[in-house]
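The values are calculated or read from the model by the stated rules, or taken from the named source; none is laboratory data. Everything numeric here is computed off the predicted structure, so don't read it as measured data. Cβ placement follows ideal geometry from the backbone for every residue including glycine, while neighbour counts extend to all protein chains displayed.
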Amino acid sequence: MDKNSDWVFGYGSLIYKVDFPYLDREPAQIEGWGRRFWQGSHDHRGTPDAPGRVVTLVPEAGRACRGMAYRVAHEVFEHLDHREKNGYEHHRVDIHLLERDTTVNGTLYVAGRDNPAFIGPADPADMAEHILSAHGPSGDNLDYLLALAESLREIGETDEHVFDLERRVRARLAESR
């Protein structure tokens, strides 16, 4: 890797909504983190008065989180920082590139418990209802959940937290028909 680029690990919408140029892209995973719908979104999938729920990562020993790694030019981080502005901070992490079977060090965006938009855990049924009701400038919170679940399947990830919420919202949608 050259000194003008860096790797970034995407575990939420960065997997499927690639609105930035990249030099390289590969399915990847990181160790010690679990994906959770615990971050409030008042700027994309909700509003300040009714934030949606989006994913962040929480430390979880023994857990592997699969996503997508991108090698990007340093100037791309200005766009990514703006996109991930709602409480997300940079962390450095080892990223295992799955196709090359090698590890690189890169950037990870995490919205920690101490940020003002952190919502935290809730009963899964309540989380599903929350996701069904939230809408924001980037669209329905439901669309975010469904696109994430589909993109995780495409890269071979089995994320029970995400898939449980998906099952719950699909069941509620079927009930309302």
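State the number of residues belonging to region 77-108 that are more than 18 Å from the chain's Cα centre (by Cα) and among the β-branched types (Val, Ile, Thr).
Within region 77-108, residues that are more than 18 Å from the chain's Cα centre (by Cα) and among the β-branched types (Val, Ile, Thr) number 3.
Go through the residues of region 16-25 one by one and say whether even a single one is over 14 Å from Glu157 (Cα atoms), part of a strand (DSSP E or B) and charged (D, E, K, R).
yes
State yes or no: is Phe37 surrounded by 14 or more Cβ atoms within 10 Å (Cβ to Cβ), aromatic (Phe, Trp, Tyr), out of contact with any strand residue (DSSP E or B) (no Cβ under 7 Å at 6 or more places or on another chain) and modelled with pLDDT of 95 or more? Even if it seems obvious, please write down each step before you answer.
Details: surrounded by 14 or more Cβ atoms within 10 Å (Cβ to Cβ): yes; aromatic (Phe, Trp, Tyr): yes; out of contact with any strand residue (DSSP E or B) (no Cβ under 7 Å at 6 or more places or on another chain): no; modelled with pLDDT of 95 or more: yes.
No; evaluated as a whole, the condition is false for this residue.
Return the residues of region 156-167 that are in a helix (DSSP H, G or I) and free of Cβ contacts under 8 Å to residues at least 60 places away in the same chain; say none if nothing qualifies. Before the answer, list the steps.
First pass over region 156-167, keeping only residues in a helix (DSSP H, G or I): 160-167.
Once the filter is applied, which keeps residues that are in a helix (DSSP H, G or I) and free of Cβ contacts under 8 Å to residues at least 60 places away in the same chain, region 156-167 yields Glu160, Phe163, Asp164, Glu166, Arg167.
Say we look at region 19-47 and pick out the residues that are aromatic (Phe, Trp, Tyr) and in contact with a helix residue (DSSP H, G or I) (Cβ under 8 Å, 6 or more places away or on another chain); which of these is nearest to Val162 (Cα to Cα)?
So the first thing to find is which residues in region 19-47 are aromatic (Phe, Trp, Tyr), and the list is 20, 22, 33, 37-38.
Now narrow it down to the ones that are in contact with a helix residue (DSSP H, G or I) (Cβ under 8 Å, 6 or more places away or on another chain): 20, 22, 37.
Numbers: Phe20: 25, Tyr22: 26, Phe37: 8 Å.
Only one residue tops the list, namely Phe37.
Could you tell me which of the residues Ile30, Ile15 is among the aliphatic types (A, V, I, L, M), within 23 Å of Phe118 (Cα to Cα), out of contact with any Phe, Trp or Tyr (no Cβ under 7 Å at 6 or more places or on another chain) and in contact (Cβ under 8 Å) with a residue 40 or more places away in the chain?
Values: Ile30 fails: out of contact with any Phe, Trp or Tyr (no Cβ under 7 Å at 6 or more places or on another chain).
After applying the criteria, what remains is Ile15.
Please go through region 27-50 and give me each residue that is touching a Lys or Arg at 6+ places or on another chain (Cβ under 8 Å) and under 15 Å from Tyr88 (Cβ atoms), ordered by number.
Of everything in region 27-50, those that are touching a Lys or Arg at 6+ places or on another chain (Cβ under 8 Å) and under 15 Å from Tyr88 (Cβ atoms) turn out to be Trp33, Phe37, Trp38, Gln39, Gly40, Ser41, Asp43, Arg45.
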